[in-house]
Amino acid sequence: MQYAYPLLAIFIWAGNTVITKMSAGAIHPAEIGFYRWLLAGLLFTPFMLKPLIAHWPMVRPNLGRIFILGVLGMAVYQSLAYFAAGLTTATNMGIILSLMPLMSLAMAIISLGQRLTAGALAGAVLSFAGVLVVVSNGSLAVLLDHGVNLGDAMMLVATLAYAIYSTLLKKWQLKLPPLVLLYLQVLVAVVVLFPLFLISPKIGLNLQNIPLVLYACLLASMVAPLAWMQAVVRLGPSRTTLFFNLLPVMTALIAAVVLREQLAVYHLVGGVLTLGGVIVSERWTTVLGRA
């Protein structure tokens, strides 16, 4: 039963990558990004106002840090993903997103003083090779001639933003209840994305895109984080993080069924290399260099 929580979160987030792809053309990226967090904020507010007031003495000195976390983890990461969805496939997005744990590990080594391990070095090489295979469509000659697809590049930047977010979250260790911190970041996303929403073209809400907004808000923004928090409590952070490795596989399977995306050989090769790199980095913990 305890494994149901991380599996549910990963399944919802994998589905959200497909929903993000489905939103391309159905609603402007700035619209769904803003509506998603606005609705989440409205639904959270009746339950979170009292805890927020109770913890305000702890919140106030950390407002600057909370703002940075909200910008990176909520606004930049997901907004870039919505823009990327119009230019690349959900399968590519899922494989690129699987780099996030390795990026976080690299940043922990750089900024948190974590020791470099043989697995981290070997995993970085493997995962980098895997992403090169995916973004080049299996042909490095094409990559050299034409460069990286803009959608894939946006997804790489989005993944990097979330990796920085995860590193700062670990570094700052804000002593706030997880739900209060999540609620505050949602509010930051609403404020930051509002100007972009105002100046962007509008398609408007309709019967086609309202379900996409509801999925992104109710499931991806509320249910999945709550399930992930429960998984961390029950399994611990390290064991829970391992389930993130299932994200590209689930995303590819859901995209194949829902979007009829064809899995090419380069998707399989790139996915295996990227996922293998992450697993190697987590399992091969021999420290390099002298203490």
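Taken together, the values in this text are just the output of simple stated rules run on the coordinates, not laboratory data. Only a predicted model underlies this, so the values are computations on that prediction, with no experimental measurement involved. No Cβ is skipped: glycine too gets one built from the backbone with ideal geometry, and neighbour counts run over all protein chains shown.
Ranked by how many other Cβ atoms sit within 10 Å of their own Cβ, fewest first, the residues R60, R65 fall in the order R60, R65. The order of H55, H267, going from fewest to most other C-beta atoms within 10 Å of their C-beta, is H55, H267. Helical runs assigned H by DSSP (4 residues or longer) give the chain a calculated mean residue ellipticity at 222 nm of -23000 deg cm²/dmol, each run adding -39500 (n - 2.57) before division by the residue total.
Put the Cα centre of the range 1-52 next to the Cα centre of the range 202-232 and the gap is 3 Å.
Close amide H pairs (under 5 Å, H built 1.01 Å from N) link T117 with L288, residues at least 5 positions away or on another chain. Once a ≥ b ≥ c are taken as the square roots of the eigenvalues of the Cα gyration tensor of the range 1-138, is the result rounded (a/c under 1.5), prolate (a/b larger than b/c) or oblate (a/b not larger than b/c)? It is oblate, given that a/c is not under 1.5 and a/b is not larger than b/c. Just so you know, the Cα atoms of the range 146-263 work out to an Rg and Dmax of 17.2, 47 Å. Computed over neighbours whose Cβ is under 15 Å from that of L212, the net charge equals +1, Lys and Arg +1, Asp and Glu -1.
I27 sits among other residues whose Cβ lies under 11 Å from its own Cβ, and their net charge, with Lys and Arg +1 and Asp and Glu -1, is +1.
Distance from the Cα centroid of the range 77-141 to that of the range 247-291 is 9 Å (rounded to whole angstrom). Answer rounded, prolate or oblate for the range 60-167, using the Cα gyration tensor with square roots of eigenvalues a ≥ b ≥ c: rounded when a/c is under 1.5, else prolate when a/b is larger than b/c, else oblate. Oblate shape, in that a/c is at least 1.5 and b/c is the bigger or equal ratio. Under the simplified labelling scheme, the L253-L63 pair shows an inter-label distance of 4.6 nm, with each label point 7 Å from Cα along Cα→Cβ. Against the compact-protein benchmark of 2.2 N^0.38 Å, the Cα-based radius of gyration of the range 4-283 scales to 0.99.
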